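To start, the structure under review is shown below, and the notes come after it.
The values are calculated or read from the model by the stated rules, or taken from the named source; none is laboratory data. None of the values given here were measured: they were computed from a predicted structure. Cβ sites come from the backbone with ideal geometry, for glycine too, and all protein chains shown count toward neighbours. The protein model used for the area step is the full one, side chains on, heavy atoms only, and it has no ligands, DNA or RNA in it. Shrake-Rupley method; radii C 1.70, N 1.55, O 1.52, S 1.80 Å.
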Amino acid sequence: MKRKMTLRISLLLLIYLFVAFFILSITARVITGVVYSGEIYLLSGEIIQSAKMSFVAGALGTLVAFIFNKIDEYNAHKKPPTNPNE
């Protein structure tokens, strides 16, 4: 049985994707800084920029999941269930 996409699930998905993309972005900036200059050098502007990009990525990921969920609900109501014994 599928779960419906509720507001709670949407918010949890948004938070999860935001944190995941934020950690990925900061990690990428640290690794490239270490590779090219040998130092960990993060400015507060870079962290804010990473947070903004992570929020946009998380919001778009949540929106796409919501749209796909609505498409699945529509298709589930449109097609009758099949008999598993056949």
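Just subtract the alpha-carbon distance of Tyr41 and Tyr74 from 0.36 nm times their residue separation and send over the number in nm, one decimal.
Difference between extended and current length: 6.9 nm.
How large is the accessible surface of Thr82 in square angstrom, using a 1.4 angstrom probe and rounding to the nearest 10?
Using a 1.4 Å probe on the heavy atoms, I get roughly 120 Å².
Using only the alpha-carbon atoms, how far is helix 44-78 inclined from the longest principal axis of the chain? Give it as 0 to 90 degrees, nearest 10.
So the inclination is approximately 10 degrees.
Going toward the positive end of the dipole of the chain, with +1 on Lys and Arg Cβ and -1 on Asp and Glu Cβ, which of Phe21, Ala59, Thr6 do you reach last?
Thr6
Rolling a 1.4 Å sphere over the protein heavy atoms, what is the accessible area per residue of the chain, to the nearest Å²?
84
Return the distance in nm (one decimal) between the two label points of a simple spin-label model at Lys52 and Ile67, each offset 7 Å from Cα along Cα→Cβ.
Label-label distance for Lys52 and Ile67, simple model: 2.4 nm.
State the extension gain, in nm to one decimal, for the chain segment bounded by Val34 and Ala20, taking 0.36 nm per residue of separation less the distance between their alpha-carbons.
That pair, Val34 and Ala20, stretches by 2.9 nm at full extension.
How large, in percent, is the carbon and sulfur part of the accessible surface of the stretch 19-86 at a probe radius of 1.4 Å?
Taking all protein chains in place, the stretch 19-86 shows 69 percent carbon and sulfur surface.
Over the Cα atoms of the chain, Rg to Rh with Kirkwood Rh, two decimal places?
1.26
Which residue, Ser50, Ser25, Ser37, tops the fluctuation ranking in a GNM of the chain built on C-alpha contacts under 10 Å?
Sorting by GNM fluctuation, first place goes to Ser37.
Quote to one decimal, in nm, the extra length available between Lys4 and Ala59 on full extension: 0.36 nm per residue of separation minus the C-alpha distance between them.
18.0 nm
Rounded to the nearest 10 Å², what accessible area does Glu39 have for a 1.4 Å probe in the complete protein model?
Roughly 110 Å² of Glu39 is accessible to a 1.4 Å probe.
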